[in-house]
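S.K.: Can you read through this structure? Questions will come right after.
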């Protein structure tokens with residue numbers, strides 16, 4: 001019985017920069033190269049500012065960049081993954 005499973009012995013990671021829309025689009029490289037994407041590991045995260053400062057004194061720019069990466073980056077990658085099905 002054939003299950004239709006294909007094993008790729010040298011897996012490849014694609015790590016787009018979520019702050020650059022053109023870079024996010026390069027993630028569709030997987031579909032072009034292998035025919036489909038089975039797994040999306042959506043693991044973007046940053047920590048800007050000083051670790052020794054309380055969150056209430058961190059700059060708004062640091063908060064904005066963190067929010068963009070942690071939330072909007074996840075949304076951007078999920079939208080791309082859905083559109084490539």
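S.K.: Work out, step by step, the length gained on full extension between residue 32 and residue 82: first 0.36 nm times the residue separation, then minus their alpha carbon distance; give nm to one decimal.
M.R.: 16.5 nm
S.K.: Still on this structure, I have one more. Looking at the P(r) of region 26-77, how many percent of alpha-carbon pairs lie beyond 13 Å?
M.R.: Within region 26-77, distances greater than 13 Å cover 66 percent of Cα pairs.
Only the coordinates and a few stated rules stand behind these numbers; no lab work does. The structure presented is a predicted model; accordingly, all values stated were derived computationally and were not measured.
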